[in-house]
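What follows is one structure encoded as C-alpha cells, with my remarks underneath.
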Amino acid sequence: MSSRDPGRERMADELAASGDYRILRRMGALEVTAAPPGTRLLQGLALDVETTGFDQGRDSIIQFSAIPFDYSPETGVIHRVGPVWSGFEDPGRPIPAEVVTLTGITDDMVKGQRLDDAGAGALAAASALVIAHNAGFDRPFVERRFPAYRDKAWACSVSEVDWRRLGGYPSSALAVLAAWHCEAFYDAHRADEDCLAMLHLLAKPFPDGVRPMARLLESARKATLRIYAIDAPFDKKDLLKTRRYRWSNGEDGRKKAWWCEVSEDLAEAEFAWLAEQVYGGVRGKWLAEKNTARERYRAAP
C-alpha cells in the first residue's frame, strides 16, 4: 500500500492531467500477486555491479547486488520478489574520482570490505536465469570474481528487449527507461537500486499487454550466431557500420574483424547479404560462432 501523501498525490494527478507536465514518482517496492495454484515457477536473479572502471581484465567490483525473484516461464509474470543481497568490496586501491561521483561509493565505504563468496554462490545455484541491464559488461566481471556464475544462463535487459520498437523510448539506459516506461525515478548507479529498477521495467506490460520479461525470455531461449566479417575490404567499413556491425581490434582475445550477432533464424539472410554486399559474391569468408544463453556475454577466452 502506498504511503504517499494524499494531498500531494492529488496535486500530482492534476498536473499530469493538464498535459503540460509529466510526473515521476520515486520508485518503491515492486507490487506482485501470488501465483495461481499449480503455476510452474522458476527463480531469476536481477544482478548489477559497480566497478572501479570499464576494463574487465584490470578493474574490480566494488559493489555487487542481486535480487532473487520467482517468475512464470510461460507468461513472464513476476510473482515473488526476494530481499536485496548486496555488499561492498575493497578493490585494494583508491576508487577513481569519476566513479565516486557517478556512484556515490567512496573509499571509506569499501575499506576492509569483502563480498560473501558463499552467499553469492548460493544465489547462482538457486537461479535458472541471471539478468543484467548490460550483461556484456556485468557478466565478465562477475564470472571472474565468482566462478559459480560461469555456467549459468544469462540474459540482457538492454539488448534482448526492443524498447525502442515496442515502447517508442528514446534510449535503453536504465534511468531513462524507468522514467518513460514506469514514470518513476530512483537513485541510479547504485547496484541495489539498479536491480530494483530492472525488475520494475520487466514487470510492467507494454501497450500491447505483453510484459518485457516475456520478450526477454523469448529472446534468451533462442540461439544466436556471432558473425565475424573476416578480412572484409576496408572500403566496406561504413556499409558494415550502417548494418550495425561493431569493430573488434583483437586485443580482448576475440577475432580482429567487424562483427554482429543475429538470431539463428536470420543467419542465412545475413550470410547472403555479406556475400553480395561485402565479399563480391563469394560465400564462406566469414566466421560464425553459435551462442546460447549460457555462452552469450561471456568474456573472450
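Computed values, structure above
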read-out	value
Rounded if a/c under 1.5, otherwise prolate or oblate - the stretch 90-137, Cα gyration tensor axes	oblate
The stretch 165-301 shape via C-alpha gyration tensor axes, a/c threshold 1.5	prolate
Relative contact order (%) - criterion: Cα under 8 Å, at least six apart; region: the stretch 106-224	20
Euclidean distance of C-alpha centroids, the stretch 93-108 and the stretch 24-48, integer Å	31
Built amide H within the under 5 Å cut-off of PHE185, gap 5+	ARG25, ARG26, MET27
Tail weight of P(r) past 14 Å, computed on alpha-carbon pairs of the stretch 170-215, percent	46
Principal-axis tilt of helix 6-18 within the chain, Cα atoms, nearest 10 degrees	50
Percent RCO, i.e. relative contact order, over the chain, from Cα pairs under 8 Å lying at least 6 residues apart	17
Within a Gaussian network of the chain (alpha carbon springs, distance under 10 Å), most fluctuating of GLU50, GLU251, GLU31	GLU251
Solvent-accessible ranking of MET11, MET213, largest area first, probe 1.4 Å	MET11, MET213
Euclidean distance between Cα centres, the stretch 235-252 to the stretch 152-217, Å	28
Whole-percent carbon and sulfur share, accessible surface of the stretch 137-279, 1.4 Å	49
In the stretch 127-281, lysine pairs closer than 18 Å at Cα, eight or more apart or cross-chain	7
P(r) weight above 23 Å for the chain, C-alpha pairs, percent	62
Accessible surface, the chain, averaged per residue in Å² (probe 1.4 Å)	53
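The values are calculated or read from the model by the stated rules, or taken from the named source; none is laboratory data. Just so it is clear, the model here is predicted, and its values are computed rather than measured. Quick note on the areas: whole protein, heavy atoms, side chains included, nothing else; ligands and nucleic acids left out. Shrake-Rupley method; radii C 1.70, N 1.55, O 1.52, S 1.80 Å.
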